[in-house]
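These notes concern the structure reproduced below.
Bear in mind these aren't lab numbers, they're just calculated from the coordinates by the rules spelled out. Remember, it's a predicted structure, so these values are computed and weren't measured experimentally. Cβ atoms come from the backbone with ideal geometry, glycine included; neighbour counts cover every protein chain shown.
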Amino acid sequence: MQKGCRALLPLRISSILYHFLQNVSIMKEEFEKREFVFGVAVEDYNFTDREQETRQLRMNFESGVNTILVSPRRWGKTSLVKKVARMMDTERVMVVYLDMFPCKTEYDFYNTLSAALLTQTASRKELWMENAREFVARLVPKISISPEPNSDISLSLGITPATHSPEEILNLPEQIARQKGKRIIVCIDEFQQIGEFADSITVQKRLRSVWQHQHLTNYCLFGSKKHLMTNLFGLRSKPFYQFGQMMYLSKIPISAWIGYIQSHFAWKGCHISDEIITELCTLVEQQSSYVQQLAGIVLSMLSEGQTTTSDHLKAAFSFLLDACTPLFKQQISTLTGYQLNCLRAIIAGHHSDLGERSVRDGFDLGSASNIPRLKNALLERDLIELDGREVTISDPVFARWLRECVIS
Ligand SMILES: Nc1ncnc2c1ncn2[C@@H]1O[C@H](COP(=O)(O)OP(=O)(O)O)[C@@H](O)[C@H]1O
Ligand SMILES: [Mg+2]
């Protein structure tokens, strides 16, 4: 009996020690400094929620389903796509990411696409030119390699209609995929930009006719302007009709923000209640980027171990408004009187009846034929969003600023 006890002792001590050490490491993790991050794609402990969307997108990537991902700006599309890209088995799938936003012409896009494909499907040790020796032979590319070990290679290829036909470029991913024996997923951010190209419908037909015959390449096309994305993908008459599965990203629910924000406050020993987080999220209409920014401002106002009050939140929000004011002022400085009146009417709750006589007269919006012009001008400036007939102000903090600083 005694012998047995003695034999057990070291085991018990080691298990106590084990649990103690485990707790220490949990505590250490809890107190690690956690910043709030906004304005760039987020990952790791700065990424919260989106489990269902992650599962769905991962399934699409793995099973070769084209996806069209839509949400207003700064809700989390890029973060989600990059997260799913990191989950892929690199032995089987390569993910290539590019942003169409700076592309103004069809060939701008081809240059960006080819450069992304060549650099992102080759490791640094490999010579990417081996990927497409024949493709590159006609070019005098400019390559710049930063000394940072993990940074991207930047490449300007100088592709023109004289060097390559569109089809040659559009077939490049399939060619690389075949050579490597892997599938490729091409992710194109701000894809709605294609609508700005000269002769856009012809370009769209060209892309679609090549892309739909590819077996090893799939596409994830995403964009922030819902009305433009719906125009591209939702109309039977358009080349990209039913090209892939449409996914509309929703807002991250307040319940997910609660755990996230509280864990970020914990490293400083600070506390914030569920109620104040709910208030914070509501102030910025749960727009992911603003939630992070505002929570960061609140935390910066607290000293170690302090508990957040409503006054802290009020002060932080007014700090946020002040910080945004120069940009907002600049945004409205270029508006006509009618356009500003149109924003006033939307803020007063007229989301789908701007064309009605009483609203037009009440807010001085001009004639009925003026309304579509006003909407288009505000849409182009990204100040409003259109969902069917419903018009809303895109940026919740801008709406608040207009209400408090311009209209009142
Ligand atoms: N899943 C997420 N968890 C936490 N914050 C997020 C998440 N997704 C986005 N954000 C916040 O929103 C900001 C913008 O995200 P981003 O992915 O660039 O959006 P989008 O591509 O839709 O414009 C990020 O910097 C971050 O502050
Ligand atoms: Mg983005």
Theoretical FRET efficiency, 1/(1+(r/R0)^6), r = Cβ-Cβ of Thr54 and Asp361, R0 41 Å, to 0.05: 0.25
√(5λ) per eigenvalue of the Cα gyration tensor, segment 334-407, largest first, Å: 17, 14, 12
Amide H contacts under 5 Å for Met246, placed H, 5+ residues apart: Ile68
Inter-part distance where segment 300-326 and segment 335-408 are each reduced to a Cα centre, Å: 30
Contour minus Cα-Cα distance for Ser310 and Met87 (0.36 nm per residue): 76.3 nm
Listed residue (Leu327, Val291, Ile272) projecting farthest to the positive dipole end of segment 254-330, Cβ model: Leu327
Euclidean distance of C-alpha centroids, segment 100-115 and segment 37-56, integer Å: 27
Sequence-distant residues sharing a close amide H with Cys187 (under 5 Å, placed H): Val96, Tyr97, Leu98, Cys220
Net lengthening on full extension, Ser250/Thr325 (0.36 nm per residue, minus Cα-Cα): 24.3 nm
Whole-Å semi-axes of the ellipsoid equivalent to segment 213-355 (Cα gyration tensor, √5λ, descending): 36, 25, 13
Greater than 24 Å apart at Cα, pairs in Lys83/Lys314; Lys83/Lys226; Lys77/Lys205; Lys180/Lys238: Lys83/Lys314; Lys77/Lys205; Lys180/Lys238
Residues whose placed amide H lies under 5 Å from that of Val391, excluding near-sequence neighbours: Ser352
Relative packing of 70-81, 376-387, which averages over residues the other C-beta atoms within 10 Å, highest first: 70-81, 376-387
Spherically averaged projected area of segment 182-263 from its Cα convex hull (nm²): 7.8
